[in-house]
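What follows is a single structure, written as structure tokens, with notes after it.
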Amino acid sequence: MKQVTLQTLGGGAAIEKFEVELQRVIDNMLDPNTLATASREIVLKVTIKPDQNRQVGTVAIATTCKLASDAPFTTQLFVDKDGVAYTSDPRQEDLFEDSNIKPIGKKDPKEGVSK
């Protein structure tokens with residue numbers, strides 16, 4: 001007969017559940033799209049509910065983790081006087097033209113395209 005420890009609880013389920021959450025935290029730490037220095041947290045919750053005779057306890061093992069959120073990505077957009085948004089300053093010529101890029105906004109007077 002084994003005495004209950006964290007290793008024996010639920011046949012090792014507590015440790016297994018913790019290791020799953022630990023891997024999620026490690027993956028989140030290595031993700032370049034998350035905030036590098038944000039704290040991550042793992043919670044292992046063990047709930048024991050005894051029966052009426054206080055001889056048997058039903059054990060629930062749960063884990064949760066708090067991961068770092070995605071790091072914000074910043075960029076710029078340029079809006080001309082007609083309310084059309086561009087990825088580069090419309091007052092300057094592009095060095096390389098990409099014909100697949102269309103402006104967002106009301107109407108591009110240069111192309112006659114409505115969006």
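Here are the numbers:
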| item | result |
| --- | --- |
| Cβ-Cβ under 9 Å pairs, at least 6 apart or on other chains, segment 75-100 side part of a loop (DSSP other than H, G, I, E, B), far side small (Gly, Ala, Ser) and at pLDDT 80 or above | GLN76/SER88; LEU77/ALA85; ASP94/SER88 |
| Residues that are among the basic types (Lys, Arg) and surrounded by 12 or more Cβ atoms within 10 Å (Cβ to Cβ), drawn from segment 2-23 | LYS17 |
| The listed residue being loosely packed, with under 11 Cβ neighbours inside 10 Å and on the phi < 0 side of the Ramachandran plot, out of LYS81, LYS66 | LYS81 |
| Contacts under 6 angstrom Cβ, first residue in segment 56-71 being closer than 16 Å to VAL25 by Cα and modelled with pLDDT of 95 or more, partner of a type outside the set (Lys, Arg) and in a strand (DSSP E or B), 6 or more apart | THR63/LEU44; THR64/VAL43; CYS65/ILE42; LYS66/GLU41; ALA68/THR34 |
| Matching residues, segment 24-45, being surrounded by 13 or more Cβ atoms within 10 Å (Cβ to Cβ), β-branched (Val, Ile, Thr) and outside any helix (DSSP H, G or I) | THR34, ILE42 |
| Meets criteria (of a type in the set (A, V, I, L, M, F, W, C) and within 26 Å of the chain's Cα centre (by Cα)) for ILE48 | no |
| Subset of segment 57-86 (residues that are of a type in the set (S, T, N, Q) and farther than 30 Å from ALA13 by Cβ) | THR74, THR75, GLN76 |
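The values are calculated or read from the model by the stated rules, or taken from the named source; none is laboratory data. This structure is a prediction, so every number in the text was calculated from the model and none was measured. In this analysis, Cβ positions are derived from the backbone assuming ideal geometry, glycine residues included, and neighbour counts consider all displayed protein chains.
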